[in-house]
Amino acid sequence: MDVAVTTIGLRKTYLRRGTRRAAVERLDLTVPAGGVHGFLGPNGSGKTTTIRMLLGLLRPDSGQAWIFGHRVPVELPAVIGRVGAIVESPKFFPTFTARQNLRLLSDAIGTPRTRIDEVLEATHLRERADDRYAGYSLGMKQRLAIAATLLKDPDLLIFDEPTNGLDPAGIREIRDTMRALGDRGKTVLVSSHILAEVEQVADTVSIIGRGTLLAEGRVADLLGSSTQFRVGVPDLQRAAAVLQDAGLPTEQEGAFLRVTTEDGEQVTRLLAGHGLFVRQLTPMRPDLESAFLRLTSESGLDAAPEAPVAASPDELPGGGA
Amino acid sequence: MTLTVSTVPASRVGVPYGALVGVELRRLWWRRLTKVALAIAVLLTGMTLYGAYQSTAPDTIAERVQSYRQTVAQFPQMVKDCQQAQAQARESGDAGADFGCAQLTAPTPAEFGLESPEAGALTASLATTNAYLYAFLAFVLGASFIGAEYSSGSLGTWLTFEPRRLRVASAKLLAAGAGGAGVAAVGLGLTAVGAWLVSRVNQPDPALQLPTAAADESITQLLIRCLVVAVAAGAAGVALGMLVRNTGAVVGIVLGYGVVVEGVLAQALAHGRLAPWLPLKNLEAFVERGSTYFAEACTPNGCQMEAMRVTYTHGWVYLLVLSIVGVIAALAVFRHRDVG
Ligand SMILES: Nc1ncnc2c1ncn2[C@@H]1O[C@H](COP(=O)(O)OP(=O)(O)OP(=O)(O)O)[C@@H](O)[C@H]1O
Ligand SMILES: [Mg+2]
């Protein structure tokens with residue numbers, strides 16, 4: 001597997017009210033190259049802190065990180081041209097226009113000026129390109145931030161909660177953008193605490209809580225296979241009796257039965273054998289939300305107050321910025 | 001979004017350093033505050049020129065000539081009065097009374113501001129005062145140049161395009177220094193041209209035979225020193241901005257320091273002997289080729305306040321060391337500090 005981002009034992013602490021607290025605690029993250037990777041965790045779990053460390057904005061206390069095989073932050077200059085990022089919220093000079101802001105950035109990396117119009121066009125900002133950034137709506141700001149990342153034609157795009165504050169149309173637009181980028185072979189690392197949003201677009205996910213990795217893998221694997229079916233049959237009482245006799249836990253749920261089994265075929269076979277013909281058989285998948293809640297509560301992470309940590313013995317002495 | 005953007009052969013190593021400085025200069029030029037600073041420099045320079053014009057205008061000269069002539073006419077009487085008063089004092093018992101009547105000197109035209117305005121001398125005297133104003137404008141410009149990046153958060157965005165912090169920081173220092181030079185160049189240029197015009201327009205009546213005031217040093221060198229101060233002030237604004245990260249705080253700290261430390265405490269503490277170690281005093285010594293201060297000097301017979309001098313050499317060496325230390329501190333902090 002080609003890897004876009006790897007971290008090993010990444011750790012970052014902050015001094016708060018006299019105590020050192022870990023925002024990221026020995027995080028081992030692996031983001032496969034190509035496709036959309038969700039980076040999930042509740043508020044304050046260390047997603048933004050991790051992303052800032054990857055981009056060289058924060059210095060980790062200890063641990064190592066790589067982007068496309070380059071050590072960061074030491075070798076970041078060699079790889080930054082392949083990385084586009086929006087951290088937390090778009091940040092530009094408010095009194096400059098979109099075009100001015102993009103021009104400064106594009107000149108800083110030496111992309112041709114024609115590129116500015118292209119990315120403005122692609123993000124539907126061309127008409128408002130000469131308006132001051134301060135007058136932009138949240139959605140326009142977000143689109144400008146995406147336009148800025150596209151100036152580089154990056155192989156890795158890092159979006160930190162990109163749909164924050166957007167309306168449904170805006171959310172959909174961003175989601176489609178990420179999917180399109182992923183389908184073009186780019187790697188998209190998208191952080192979120194809104195699970196439904198990531199579930200729809202991500203190929204793989206990493207779930208963190210309190211700064212440590214809780215689970216990672218393909219979305220389908222994390223959700224697990226269906227273990228319950230919703231069954232529609234004409235005679236609910238008789239059908240329930242048949243299934244229970246066969247040892248399948250069954251409950252009535254409105255006009256349907258809910259049967260717990262991994263084998264849907266068995267359900268139709270049993271019922272048909274008793275002259276009961278199934279109208280509807282729906283596999284009920286657990287969603288990421290419940291998987292997520294399960295993971296965080298299993299590790300006792302959701303409600304527990306943050307505990308202070310001891311200083312790490314293996315703190316990096318210096319480590320370039 | 002359609003995302004139909006072409007694939008560019010993205011530059012993977014960043015742009016040459018000069019281009020990075022160029023981008024910073026462009027941003028500086030685009031800023032509203034830069035234009036405001038230029039406007040203020042022009043306006044205040046114009047005001048000082050108007051003041052110079054007024055004080056060398058024919059009417060003013062005529063008034064001064066009159067009071068000069070009056071004083072000259074009254075001078076013999078003044079000496080006589082003095083001698084009379086002295087004689088009276090001696091008669092009434094104080095045999096050693098000395099009113100210093102012999103030391104009374106006849107008034108000179110220069111004492112009455114009666115000099116033919118000369119472009120060089122006028123430029124020198126205006127530039128010396130205006131230089132501090134240009135330096136302050138350059139400083140504010142520098143501080144807000146970096147302060148705006150912290151307050152808008154766009155520094156984080158910038159660093160995801162150019163993560164080499166020393167390059168980024170030094171380009172900002174250079175750009176702000178150049179900006180300071182720009183403001184000062186406009187102001188000083190206007191001062192020189194204006195002073196020349198004033199000296200032409202206010203040529204006094206040759207019949208008055210006014211003496212010509214000559215500048216007592218090279219004007220070019222003075223202007224260069226004023227320019228250097230503005231460059232350093234622009235860079236100092238950025239350096240302090242990097243340390244403090246807030247424009248208002250930087251400007252407040254410097255103004256507060258100027259008033260409280262150099263204005264009040266310097267005189268109150270250590271009998272005024274701190275003066276040679278204060279930045280603004282040394283700045284003055286650099287611009288004006290030496291600066292005077294008063295401090296207590298003690299001999300076995302007792303102590304008294306005496307005028308002392310911060311020399312030109314002391315001034316520039318002090319400022320050079322201060323600038324180097326400041327820039328190194330700012331670069332070191334900028335390089336290592338987290339950008340939140
Ligand atoms: N500059 C800072 N100083 C002190 N503590 C900080 C700082 N930045 C972040 N933290 C703390 O680090 C922890 C992780 O914060 P972080 O912003 O990385 O979380 P997040 O996962 O991005 O959360 P969200 O979903 O709300 O954006 C939080 O407890 C936060 O309070
Ligand atoms: Mg966050």
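The values are calculated or read from the model by the stated rules, or taken from the named source; none is laboratory data. Note that this is a predicted model, so its numbers are computed, not measured. Backbone-built Cβ (ideal geometry, glycine too); neighbour counts: all protein chains shown.
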Checklist outcome for this item: If we keep only residues of the range A:163-194 that are within 12 Å of ligand 1 (Cβ to nearest atom) and of a type outside the set (S, T, Y), then the residue nearest to the other protein chains (Cβ to nearest Cβ) is A:N164
Next on the checklist: Quick test for you: out of A:L195, A:L157, A:L189, A:L166, pick the one residue that is under 17 Å from the mean Cα position of the chain (by Cα), in the same structural domain as A:P94 (by TED's automatic domain parsing), without any contact (Cβ under 8 Å) to a residue 60 or more places away in the chain and within 26 Å of A:A291 (Cβ to Cβ).
Outcome noted: A:L166
Checklist entry - Going by the structure shown, is A:E88 within 13 Å of ligand 2 (Cβ to nearest atom) and under 28 Å from A:V119 (Cα atoms)? => result yes
Checklist outcome for this item: When every residue in the range B:301-340 that is touching a Pro at 6+ places or on another chain (Cβ under 9 Å) and among the aliphatic types (A, V, I, L, M) is compared, the one farthest from the other protein chains (Cβ to nearest Cβ) is B:M308
Item to check | Failed item in (1) at pLDDT 95 or above; (2) under 25 Å from the mean Cα position of the chain (by Cα), with A:T97 passing the rest | outcome: (2)
Checklist outcome for this item: Per the filter on the range B:169-196, residues closer than 18 Å to B:A52 by Cα and either in contact (Cβ under 8 Å) with a residue 40 or more places away in the chain or not assigned by TED's automatic domain parsing to the domain that holds B:S154 (or both) are B:G187, B:L188, B:L190, B:T191, B:A192, B:G194, B:A195, B:W196
Item to check | Contacts under 8 angstrom Cβ, first residue in the range B:293-314 being among the aromatic types (F, W, Y), partner exposed (fewer than 10 other Cβ atoms within 10 Å of the Cβ), 6 or more apart | outcome: B:Y293/B:A307; B:F294/B:A307
Checklist entry - If you take just the strands (runs of 3 or more DSSP E) that sit entirely in the range A:15-123, which of them hold at least 3 residues that are touching a Pro at 6+ places or on another chain (Cβ under 7 Å) and surrounded by fewer than 23 Cβ atoms within 10 Å (Cβ to Cβ)? => result A:19-32
